[in-house]
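A.B. asks: I am attaching a structure below and will ask some questions about it afterwards.
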Amino acid sequence: MANEEAIIAIGIFLITYAFIISEKIHRTIVAMIGGVLMVLFGVVDQETALHHIDFNTLGLLTGMMIIVTITAETGLFKFIAIWAAKKVKGHPMAILIVLSLITAVGSAFLDNVTTVLLMVPVTFSITRRLGITPMPFLISEILMSNIGGTATMIGDPPNIMIGSAVKELSFMDFITNLAPVIIITIVVVMLVLTLIYRKHLYTDDKTRKRIMDLNEKDEITDKPLMIKAITVMGLTILGFFLHQAMGVESATIALAGAFLLLLLSGEHYLEGALSKVEWTTIFFFVGLFVLVSGLVETGVIERFAVYAIDITGGNVTASSILILWMSAIASAFVDNIPYVATMIPLVQQMGELGINNLEPLWWSLALGACLGGNGTLIGASANVIVSGLAGKEGYRISFLKFMAIGLPIMFITVAISTVYIYLRYLI
Amino acid sequence: MKKLCYEVIHSLMTLEEKKNNKDIEFTIKAKNGEAFELLHKIRNFFESDKIYTDVLFYTQKEQTYQVICRPDSYVPFILVLFQYQLLERVEWV
């Protein structure tokens, strides 16, 4: 019977996964149906399924989405982008670097999709003003959103999921372990991009003056709200740094920040802020957690963990490098959220089966899953969103055109991560 | 083909139009707070739609806006100026 349940669980999982990859039906519908089928076929009962839903991940995402929605309405991000463009005197190459850095830092603390949604309009605005193509900027922002998001526990869904599942890893642990390699990665990638795009990024003094004439202060639409939003965002990030010492989960911090901001901004923001929460993403997570619970409860994950340990001989170095590269290549072609949802119990199981030091495995999973998203146009949500927006405006980013830059960048960044993981944790 | 002609309300603003490659650029200077506020509303209107590059607004000093307009958005932009009563008349000639 246990074997039959395992076969049913694998069947439901593979079919669901195939539908998610095919993108014929919305991934949330597919994941939810997959999760419901796990319960209907008796692979897990409803109580067990609910037990497997990680409400910390969901709460953290929801809280941050509310904070970002309200902050975005104040014009803060446009102000920062134009202010930075003026600070570098309107030089296109320097603007490429500062907009990319803003995207990277933004993505480290906000959701990647939200960050690019905030950056793309101002990018179109600045590049049109300079009379240059926005393509280098858009591609750089895609890459930087995925790289920057890797640096913190709240930057990218894989990290949120890992941070939530592994209670020993605090917000600070993510920064101290991932930010150093991400800073190196950003520097290297920016060097590569400036080399690639140097010929596209030229304009004369007269055109540059057009940037200097801009009045960035006019971008701020609601100054009192902006001050409240910045204060709450600062307190929330401080809360993330202290959450382990305070003995509270990261979701509690994010939701406290979100509802404090709603309290300060007034209830007329409530409906709008809640309606802009990406409920499709939240339910996608719910479906995936239940889907993976079927594999966990039937022992499938355990068997795969045994198999993985057989391949690597239980060696931490081999396991880390395998997870890093496997995650990167998988994430370049499939959604990294279901992939990480499957890998987390697998790594936990590997710990139970005798691998004592799981830390390098977690960082390998985070780096591989996040940086792998740069490999192809479908590797991460931010890629899909930016290419969609660009296409609508007449700037088509084709799959191959993106891959020609994204895939080499992915290999470079994962190679840097390999050296980092090896030097820091494995020798 | 007929051309769209318009006349601004001179007590509210001055408007200069010129071609810049494919785009049409406007420099609009509001003469009072009310006109500047209306231009703000027009900006919000175009920025709240889902197309980012149709009509781009750049705020400069002294209540002046520079507007870069895609050729396919030229008529909609003029009509919105008219709708907000910043133009005296609009006609095809």
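The values are calculated or read from the model by the stated rules, or taken from the named source; none is laboratory data. Everything numeric in this text was worked out from a predicted model, so none of it was measured. Cβ sites come from the backbone with ideal geometry, for glycine too, and all protein chains shown count toward neighbours. Heavy atoms of the whole protein, side chains included, go into the accessibility calculation; ligands, DNA and RNA do not. Shrake-Rupley method; radii C 1.70, N 1.55, O 1.52, S 1.80 Å.
A.B. asks: Which of the residues in region A:190-227 show a loss of at least 20 Å² in accessible area from their chain by itself to the complete set of protein chains, at a probe of 1.4 Å?
C.D. replies: A:210, A:213, A:214, A:215, A:218, A:219
A.B. asks: Something else now. Using the Karplus equation 6.51 cos²θ - 1.76 cosθ + 1.60 (θ = phi - 60°), what ³J(HN,Hα) coupling, rounded to whole Hz, does each residue of region A:170-177 give in order, writing x for Gly and Pro?
C.D. replies: Using θ = phi - 60°, the values come out as 8, 4, 5, 4, 4, 5, 5, 8 Hz.
A.B. asks: Hey, another quick one. With N denoting the number of residues in the protein assembly as shown, provide Rg(C-alpha) divided by 2.2 N^0.38 Å, to two decimal places.
C.D. replies: For the protein assembly as shown, the normalised Cα radius of gyration is 1.07.
A.B. asks: Only four residue types carry charge here, +1 at the Cβ of Lys and Arg and -1 at the Cβ of Asp and Glu. Report the dipole size of the protein assembly as shown about the Cα centre in Debye, rounded to the nearest 20.
C.D. replies: 2300
A.B. asks: For region B:68-82, what does the Karplus curve 6.51 cos²θ - 1.76 cosθ + 1.60, with θ = phi - 60°, yield as ³J(HN,Hα) per residue in whole Hz, taken in order and with x for Gly and Pro?
C.D. replies: Once rounded to whole Hz, the list reads 10, 10, 5, x, 6, 10, 4, 5, x, 5, 4, 5, 6, 4, 5.
A.B. asks: Summed for both chains, how many Å² of accessible area, to the nearest 100, are buried between A and B with a 1.4 Å probe?
C.D. replies: Buried area (both sides, nearest 100 Å²): 1700 Å².
A.B. asks: Roughly how many percent of the accessible protein surface of the protein assembly as shown is carbon and sulfur, given a 1.4 Å probe and a whole-percent answer?
C.D. replies: 65
A.B. asks: Once you sort the root eigenvalues of the Cα gyration tensor of region B:1-74 as a ≥ b ≥ c, which label holds: rounded (a/c under 1.5), prolate (a/b larger than b/c) or oblate (the other case)?
C.D. replies: Since a/c reaches 1.5 but b/c is at least a/b, the shape of region B:1-74 is classed as oblate.
A.B. asks: So with the 1.4 Å probe, I'd like the accessible area per residue for the protein assembly as shown, rounded to whole Å².
C.D. replies: Counting only protein heavy atoms, the per-residue value for the protein assembly as shown is 43 Å².
A.B. asks: Let me ask something else. So, counting K/R as plus one and D/E as minus one, what does the shell of residues with Cβ under 15 Å around residue A:185 add up to?
C.D. replies: Overall, the nearby charge balance is 0.
A.B. asks: Something else about it: Once phi is turned into θ = phi - 60°, what whole-Hz ³J(HN,Hα) does the Karplus curve with 6.51, -1.76 and 1.60 give for every residue of region A:282-288, x standing for Gly and Pro?
C.D. replies: With coefficients 6.51, -1.76 and 1.60, one gets 4, 6, 4, 4, 4, x, 5 Hz.
A.B. asks: For region A:227-331, what is the per residue volume of the convex hull drawn over the alpha-carbon atoms, in cubic angstrom?
C.D. replies: 178
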